[in-house]
Amino acid sequence: PGRIDSSLSMVSLNKPLNATAELYGPLRGGEPYILVRWEVKNASMKTDFMDFENASFEGYYKNEVVAGLPRKDPNSIISLRNFTADWNGLPVKSRSIDIVDLSNSTLTCDLTSSFPLTALNELINASSLQMTAGNVTVALNYKGPIVRNNNTNSFLNGKIHFSNGSVLYTPRNVTMKEVNGDLLFNNSNVFIKDLRCNVLQNQIVMNGSAENVLTLINTEPNKVNVKYHIYSPALNLSSFTFLLDERKNTIARKANTNSLGNISTKLDELLEKSRVEVDLKADKVSYNRFQGGNLAAAVTILQDRYVLNNVSMLLAGGNMSMKGQLVTSTASRHKASINANLSDVDVKKLFYGFDNFGQDAIGYKNLQGTLTASTNIEMMIDKTGKAVPNSSNGSINFLLKNAVLQNFEPIKKIQKFVFKNRNFDTIQFAALKNKLEVFNGDIVFKRMEIQSSVISLFTEGTYSQRGNTDVSVQVPLSNLKKRDDDYIPENIGLDKSGGRSIFLRGKPGSDGNINFKLDLFKKYFKEHP
């Protein structure tokens with residue numbers, strides 16, 4: 001009959017097959033029972049879904065799956081057993097392939113295969129990923145329509161195992177090496193289980209999930225939400241500055257007739273548009289000279305930005321927590337917005353680790369003490385991860401305890417005017433507390449009390465690397481009283497006038513260094529009311 005011939009025509013072979021048929025039923029009319037068995041050896045096989053070479057299998061067709069129901073297409077089945085073949089050069093096996101309800105065909109099958117990872121390059125033909133080494137083992141089960149569609153009524157279960165893989169992510173020119181782990185499929189969801197790899201000398205362990213990805217990849221890849229749980233025993237963040245560089249343009253290669261249709265385009269689009277949420281943990285973390293520990297970070301990766309939802313770590317003997325985001329501004333620059341809190345941090349180690357924060361007013365060689373601070377800063381960052389000069393804006397509140405200042409030239413220059421016989425090389429301070437306002441890189445500080453083992457000062461003004469430095473220093477005459485070696489400095493409060501005082505003013509000289517002069521008429525305060 002024509003409808004049975006139409007159902008069977010979804011499969012075509014290039015050579016005859018061995019078949020036997022059983023038919024029985026009444027001669028007076030009605031649908032007879034039909035059972036056709038066959039055997040195929042090393043044939044080329046074409047289907048509506050995919051094509052195979054060297055296909056060998058046995059199977060049958062019958063029109064009565066459930067006894068007693070009408071012998072029509074809804075009650076018919078095409079079944080294949082012990083299927084082996086080559087699919088685009090890859091060996092595949094299946095114990096059973098069933099096509100049921102031939103009026104609205106549903107395919108159910110299992111699939112196993114093992115092959116080199118590099119074999120996927122021509123098959124997937126994606127511009128974003130290039131497989132360079134390793135092996136793959138596949139064990140999958142599928143149930144869904146036999147024709148290609150974008151519906152949600154397809155179910156894929158099983159896993160793909162990677163061993164000793166190497167994958168190049170071409171937009172960033174970064175290779176994942178020593179890739180070992182599993183990709184699990186559960187209906188439309190995909191899971192990553194214990195995927196271990198080496199990324200730029202960083203050992204990474206990943207677990208993750210992408211819910212409903214097999215449906216959304218066909219329809220709305222921008223709504224795919226990928227969740228990663230990443231762990232590293234030691235993470236070198238300087239290895240990942242490539243994330244700040246411009247993405248390289250990739251051109252999808254023209255798919256050959258054997259590739260997976262437009263899967264390469266869909267995969268590239270998924271990698272580009274999906275929302276990625278990363279839960280990152282590391283025992284140790286470093287960035288150039290910076291060292292930290294017990295890193296815990298929740299990061300969201302979008303098309304044009306990295307959002308730091310919550311970051312915490314041990315830092316320089318204390319703790320740091322941070323929130324913010326990094327937004328792509330141009331091809332090579334990014335706008336960083338950081339809200340950070342530091343608690344009981346060794347200020348010397350902090351300044352050393354962050355390379356004196358890109359300023360030369362005071363460095364780690366000059367400082368000792370314990371710092372607690374809160375910052376709210378915006379700045380531009382280049383593709384190497386360094387702050388763009390004079391791009392910082394925001395505020396810093398700080399409290400520095402047990403402070404010691406060593407060989408700090410601006411303080412030592414005050415000796416030209418007062419206390420030439422005192423030792424300004426090492427100075428102990430009472431707690432230093434202030435709020436710094438940052439405008440285009442210039443640091444503006446309000447009146448600050450400095451009580452030290454050598455001298456008492458009040459200072460305020462602006463420090464600038466652009467030649468705008470203008471600082472006022474008030475030296476109370478009470479400093480004339482000699483201080484014993486065991487003198488312990490204590491703050492008296494900003495509301496105190498300091499009594500009779502000498503005023504100095506510091507501004508850049510012709511050599512660019514800060515020079516102090518007597519400010520007898522307090523011109524600083526007249527120019528900065």
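Table for the structure above
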item	result
The stretch 353-408 shape via C-alpha gyration tensor axes, a/c threshold 1.5	oblate
The stretch 13-66: radius of gyration and largest Cα-Cα distance (Dmax), Å	14.5, 44
Entry for Cα Rg over 2.2 N^0.38 Å (calculated from the structure that is shown) out of (1) 1.52; (2) 1.01; (3) 1.28	(1)
Loop chymotrypsin sites (Phe, Trp or Tyr not before Pro), the stretch 24-128, which have at most 16 other Cβ atoms in a 10 Å radius of their Cβ (DSSP)	49
Alpha-carbon centroid distance for the pair the stretch 324-379 / the stretch 395-449, whole angstrom	18
Options 501, 330, 458, ranked by Cα towards positive dipole end of the chain, top entry (Cβ charges)	501
Inter-label distance, nm, simple model (7 Å from Cα along the C-beta direction), residue 525/residue 339	3.7
Solvent-accessible area per residue, Å², over the chain with all protein chains present [probe radius 1.4 Å]	55
Length-normalised contact order of the chain in % [C-alpha pairs under 8 Å, at least 6 apart]	6
Nearest 10 degrees, 0 to 90: helix 263-273 Cα axis against the chain principal axis	20
Unsatisfied cross-links (Cα-Cα over 24 Å) in the set 15/62; 413/481; 349/482; 420/517; 401/507; 348/413	349/482; 401/507
Residue 122 paired with residue 365, simple spin-label distance in nm, labels 7 Å along Cα-to-beta-carbon	6.2
Portion, in percent, of the accessible area of the chain that falls on carbon or sulfur, probe 1.4 Å	52
Net charge contributed by nearby residues that have their C-beta within less than 15 Å of residue 485 (K/R +1, D/E -1)	+1
Cβ-defined net charge surrounding residue 414, 14 Å radius [Lys, Arg +1; Asp, Glu -1]	+4
Neighbourhood net charge (13 Å Cβ-Cβ; Lys/Arg +1, Asp/Glu -1) for residue 391	+1
Difference of contour (0.36 nm per residue) and Cα-Cα distance, residue 323 to residue 17	103.4 nm
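The values are calculated or read from the model by the stated rules, or taken from the named source; none is laboratory data. If you're wondering where the values come from, they're calculated on a predicted model, not measured in any experiment. Note: ideal-geometry Cβ built from the backbone for every residue, glycine included; neighbour counts use all protein chains shown. Just the protein is used for accessible areas: all its heavy atoms, side chains included, with ligands, DNA and RNA removed. Shrake-Rupley method; radii C 1.70, N 1.55, O 1.52, S 1.80 Å.
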